[in-house]
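Values in this text are rule-based calculations from the coordinates and carry no lab data. What you see is a predicted model; the values in this text were computed from it and never measured. Methodologically, a virtual Cβ is constructed for each residue, glycine included, from the backbone with ideal geometry; neighbour enumeration extends over all protein chains shown.
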Amino acid sequence: MEKKEKIIIGLAVVAAIVAGVLHYAGANPVATFATTAAALALLAMIVGDATEQLGSRLGPGATGILQSGLGNLPELFVAIFALRAGLANVVQAALVGSILGNSLLVFGLALFLGGLKNGTQRFKSEPPRMIVTLMMLAVSALIIPTLASLLHTPAAPHINDLDIVVAVILLVMLAASTYFSIKGDSSVAPQKEEFGQAEWPLSLTIIILAVAGVGAAFVSDWFVDALQPAMATLGISEAFAGLVIVAIAGNAIENLVGIQLAWRNQADYAISVILNSSLQVALGLFPVLLLLSFVLGGSVLTFVLSPLLVVALALATLVSAVVVFDGESIWPEGLALVGLYSIIAAAFWWG
Amino acid sequence: MEKKEKIIIGLAVVAAIVAGVLHYAGANPVATFATTAAALALLAMIVGDATEQLGSRLGPGATGILQSGLGNLPELFVAIFALRAGLANVVQAALVGSILGNSLLVFGLALFLGGLKNGTQRFKSEPPRMIVTLMMLAVSALIIPTLASLLHTPAAPHINDLDIVVAVILLVMLAASTYFSIKGDSSVAPQKEEFGQAEWPLSLTIIILAVAGVGAAFVSDWFVDALQPAMATLGISEAFAGLVIVAIAGNAIENLVGIQLAWRNQADYAISVILNSSLQVALGLFPVLLLLSFVLGGSVLTFVLSPLLVVALALATLVSAVVVFDGESIWPEGLALVGLYSIIAAAFWWG
Amino acid sequence: MEKKEKIIIGLAVVAAIVAGVLHYAGANPVATFATTAAALALLAMIVGDATEQLGSRLGPGATGILQSGLGNLPELFVAIFALRAGLANVVQAALVGSILGNSLLVFGLALFLGGLKNGTQRFKSEPPRMIVTLMMLAVSALIIPTLASLLHTPAAPHINDLDIVVAVILLVMLAASTYFSIKGDSSVAPQKEEFGQAEWPLSLTIIILAVAGVGAAFVSDWFVDALQPAMATLGISEAFAGLVIVAIAGNAIENLVGIQLAWRNQADYAISVILNSSLQVALGLFPVLLLLSFVLGGSVLTFVLSPLLVVALALATLVSAVVVFDGESIWPEGLALVGLYSIIAAAFWWG
């Protein structure tokens, strides 16, 4: 294990303990919220590293599947606790916010900063095109139930059934695209570059993964508990909290990695990491949570979004598709993505 | 005439006779519906073959015009009888369903199966791009009257006039694009590959065309008669019947050809056939029927669709445009198209 | 100064004087409207020439900034007088109409006529792609406030604040993209071709610019005064007047230049000129006028458009993006753009 990794684990342990103390002491909710958010980000990082370690023993195919399954573990816990607390709206907003944050803010910053430093960035456009096509499917899949419900079509009273059909179709697409990127035509599938890394012993890896997972579950619970009082204290609307605050907090580390890669002129890998992250939420996390919400016994999650959220998603997908499609990017395009994100966030500022 | 062609003609004669017997005997409407659908599909195939034969004598230019005119003959008859029976909603749904079925289901299956068998499929992207651009025009042309009517703009009371303006513009575009693909820059216009084919004598061709046309007219009448009782017996909603059942039944053979071509790795030709089929409906059949409906004396057809249908069309056009645009396709993209079709169909399942 | 330029200045002086006489004599409003429109077009041409002359002394960077600032001067004056006259709706419609007119009608005519004369036209697609990406941002920026207001979201009562945020973001994008096209990667930024031109003396240039500017201000006032009575006399609705008449009158000369360039097979330059013209309105003129309208004391301009206008803008942007994206165009694509423009205009014909 490298020194950097040890430091992260140490920090995560400290942050988690402090978060627990603040939670049980009933401290200022803003402080609890900030600490739990930091602890979650560090735990997410550890889960990510451990997953990669496990993957390196099992071959690239298994890594892809593991990352799909475990990579969103902390977000999954947060969402489950929030659903059980009856906060389906916040979960919905956070899921959409996670997609918007990745596809517009993080992607935009990566292209903006990468472009400023490295000039026009060129990249293999096939892998992002597949991601973008699947994103368009996923967003379409959200538009249909939303409209069916909004327009009171005959499907509106059966919206739960329609949601389940859509969720299953999205998960089939996730399985198919994961299979394809593992087994498929290697000229098209995104290739991960190798970074030299000290190997962890297998037993240690599994222990770390288990402890970090259990830790993430506890911290998620405290995070959700602190969320509403913290937002009330800060005077932030529920929609803005989910869409912007939770979404950015939940993906902070992952996002920094993408931007860093673009800065280092590894545009191919940066774009794959960032857009795949959106896709995992749209094709994986959202439908899984929707199906889970029917058995968890809290509030039921639905694909029926507020129309403004759906339109924001559609615009984000279209604009990022256009940016990706030509296989090269310039910094004003990145700035345009960030600008669109700011306008969308502004529209949800008032509560 | 080849043996295969003789068999098809034989089957069509038998199916048409059985359909007539069932119709006049007042048999089970589901059986009548299925038989008339099969007879129509076989007659459509014969009209298609005869048109091609006629075309091969008249040169490629005339073939294009003939195919535009005669290729949709059976669908035209079905639609005219349905309009006279007051089923404007079913006709509308079937026209949209025909476009969705081609652009999503058939195109998706072609890319999915073709991609599974042949790996990444590459194709000349100029001809499909022209089709896709024209499809976007056609769909835009449907969006404008629908919105004008939905939003009660000052144009709403004049919607019939607006419809006629739109229909004329679409037909001008059809004429222009047909002219272009015949006379235009041959590096851009879609090229049809030659298949060795036994020639039919001219007199026989014309007789077959005439008999098949008259037959299609009769069978269409019986098909429309059986439609509503059959759907009622099966418990299928009118919208779903038009959008899915009539649309698939009406294009079954044509669709199989497209999928077969992709399977044989003739991606260029497959894509042209499939997407052109959508375009013929949007730029040709729909506006022609709309104009005809004003003189036929049944119910009047309009471009004002249900908002969910318009959005479904817009999504289908956008997603297929993105898939086509880069000149290559992989099987998960095909699967995504099929997935989107399934979600749209599901949204119309409840009546 | 060339002979052609002297003739234009002479014509402008005559037209402005006649317009003033008609205005103060209270002549037939249609005659006044037509004369002021012609005078404005000629003055716009002179301002354009003078700006270019000034730019040629200051280097290409300054030219870009000057053209952004002064190129829309006459339109700016018309809009300001119309806002002070309480015609915010007409100003909005004229701004949107200017974008639609450029992106659909003028761009369509350029591709149609250029394609008819020169066959398939190929062009460097990077610069138009940047323009198209920024247009998508700008249109998205109009969609968000419109929807927020239409759906009565919590942001609706704060729509003026949201408008100001959007306006500032758009102006930042304008500054960034202007900076990029001056300083940026020259392989991507649009290059202006040099035309041999007789130089004007600096003092003369500044005098001409000042006189033309003051003249444009006066004529704009008379134009706005004549607008409503002229439209009433002709029986044309306010929306159609703004969207079509004012938009075409205000950009007539500029538009002819774009079409002329395409006709001469200078597709690269034609596309840059035409699409940039739309972009200047969306990223520059509209937000500047919106911000100005808060201090001018007339009616307040807003980004909240009628839904049909927003959809028309979105369709225009999407379709022109698709046409631009592949770096080549054929005449049916141009015709399709003109067709879409005609359908949109028809939808606003009834008042």
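Applying a threshold of 22 Å to the alpha-carbon distances of C:LYS4/C:LYS117; A:LYS117/C:LYS183; B:LYS6/B:LYS117 flags C:LYS4/C:LYS117; B:LYS6/B:LYS117 as lying beyond it. The phi-based Karplus calculation (6.51 cos²θ - 1.76 cosθ + 1.60; θ = phi - 60°) puts the 3J(HN,Hα) values of the range B:295-305 at 9, 6, x, x, 7, 8, 8, 9, 7, 6, 9 Hz, whole numbers, x for Gly and Pro.
The HN-Hα couplings worked out from phi for the range C:280-287 by the Karplus form 6.51 cos²θ - 1.76 cosθ + 1.60 (θ = phi - 60°) are 4, 5, 6, 8, x, 4, 4, x Hz, whole numbers, x standing for Gly and Pro.
Kirkwood hydrodynamic radius for chain B: how many Å is it when counted over pairs of different Cα atoms? One decimal place: 20.6 Å for the Kirkwood radius.
With contacts taken as Cα pairs under 8 Å and at least 6 residues apart, the range B:254-351 reaches a relative contact order of 13 percent. Contact order for chain C, expressed relative to its length and based on alpha carbon pairs under 8 Å spaced 6+ residues apart, stands at 39 percent. Annotation for A:ILE17, label-to-label distances across the other copies: 9.2, 9.2 nm (shortest first, one decimal, point 7 Å from Cα along Cα→Cβ).
Which residues does the label zone of C:SER56 cover in the range C:1-37, counting backbone N under 20 Å from a point 7 Å along Cα→Cβ? Zone members listed by number: C:1-10. With each label modelled as a point 7 angstrom along the Cα→C-beta vector, the A:HIS152-C:THR233 pair spans 4.9 nm. Mean residue ellipticity at 222 nm, helices only, the protein assembly as shown: -25500 deg cm²/dmol; runs of at least 4 DSSP H residues each add -39,500 (n - 2.57), and the sum is divided by the number of residues. Rounded to the nearest Hz, the phi-derived 3J(HN,Hα) couplings of the range C:225-238 under the Karplus curve 6.51 cos²θ - 1.76 cosθ + 1.60 (θ = phi - 60°) are 4, 7, 4, 4, x, 5, 5, 4, 4, 7, x, 9, 5, 4, where x marks glycine and proline.
Distances between copies of A:VAL30, taken at a point 7 Å out from Cα along the Cα→Cβ vector and listed shortest first: 6.7, 6.7 nm.
Sorted from nearest, the other copies put their B:LEU58 label points 6.3, 6.3 nm away, the label point being 7 Å from Cα in the direction of Cβ. Net charge near C:PRO145: determine it from the other residues with C-beta under 11 Å of the C-beta of C:PRO145, scoring Lys and Arg +1 and Asp and Glu -1. So the surrounding residues net to -2. The modelled label-to-label distance between C:LEU204 and B:THR120, using points 7 Å beyond Cα along the C-beta direction, is 6.0 nm. For chain A, excluding the exposed loop sites themselves (GluC sites (Glu not before Pro), DSSP loop, at most 15 other Cβ atoms within 10 Å), the longest remaining stretch covers A:3-192.
Using C-alpha pairs under 8 Å with a sequence gap of at least 6, the mean separation divided by the residue count of the range C:70-182 gives a relative contact order of 11 percent.
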